[in-house]
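See below for the structure under consideration.
The values are calculated or read from the model by the stated rules, or taken from the named source; none is laboratory data. Note that the structure is predicted; figures quoted are calculated from it, not measured. Cβ placement follows ideal geometry from the backbone for every residue including glycine, while neighbour counts extend to all protein chains displayed.
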Amino acid sequence: MEDYNQIVNDWYIKLRSYFINTVHNRLPLLRIEDIEDVYSEAFIAVRNNLLSGKVENGTNWKAYIFRIGLNMAINKAKKDSRNVMAQDQTADNDDVDADERFQTRLTLQEVLMADDADDVRQQEERLEVLQRELSYLPEPCETILKSYYYGGMTMTQIMEQINFKTTDSVKAKKYWCINRFKARVMAAFKMLNLID
């Protein structure tokens, strides 16, 4: 069994900026301070796992620490998204599909962080595919999806931004765009052997 103090000495500083930057890019709604807290909590979880004998000899520490921290960050993002979703629904009644926003954001994150992507390099490839495929979408799809899922804008705000006449037309276009985006991402993942 490896020594926890040695693992912290070897990995805490070395992995910190990489972890914070990567998680912030993947989960941009999390504040940097929250990601830093999650990073520290990940090392506490590593310590607890070591003490309880849950860690095998020969563990790839970079991937192990990153996976624990990433799972914690995803859980934090889920919790924060639920809080934001509740605020959105009370603050803006025309955005009744905040739950759909949360679910789609979660689905994309789960595809990106799928259990078969234990390799950090493979996760980075998936993130690159997501970003690339989003940028390949024709307008107004790219603007609608970025504004809605990452900017947190309401349908009314997006309608005004892209000069559509009704929020229903924006919702219909968003539905078409997200389905096209998901299909493009999955096809790219399959082509690159990132999923079966």
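Numbers below:
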| quantity | calculated |
| --- | --- |
| Residues within region 17-40 that are surrounded by 15 or more Cβ atoms within 10 Å (Cβ to Cβ) and either of a type in the set (Lys, Arg) or not assigned by TED's automatic domain parsing to the domain that holds residue 64 (or both), tallied | 1 |
| Odd one out for residue 61, checked against (1) farther than 20 Å from residue 75 by Cβ; (2) of a type outside the set (Lys, Arg); (3) loosely packed, with under 12 Cβ neighbours inside 10 Å; (4) under 25 Å from the mean Cα position of the chain (by Cα) | (3) |
| Tally, over region 11-65, of residues that are outside any helix (DSSP H, G or I) and either touching a Cys at 6+ places or on another chain (Cβ under 8 Å) or over 25 Å from residue 126 (Cβ atoms) (or both) | 7 |
| Where a residue in region 133-155 is assigned by TED's automatic domain parsing to the domain that holds residue 170 and its partner, wherever it lies, is outside any helix (DSSP H, G or I) and among the charged types (D, E, K, R), with Cβ under 7 Å and at least six apart | 154/92; 154/94; 154/95; 155/94; 155/95 |
| Boolean, residue 43 is buried (at least 18 other Cβ atoms within 10 Å of the Cβ) and within 30 Å of residue 146 (Cβ to Cβ) | no |
| Helices (runs of 4 or more DSSP H) contained in region 78-180 and holding at least 1 residues at pLDDT 85 or above and not charged (D, E, K, R) | 120-136, 141-145, 155-162 |
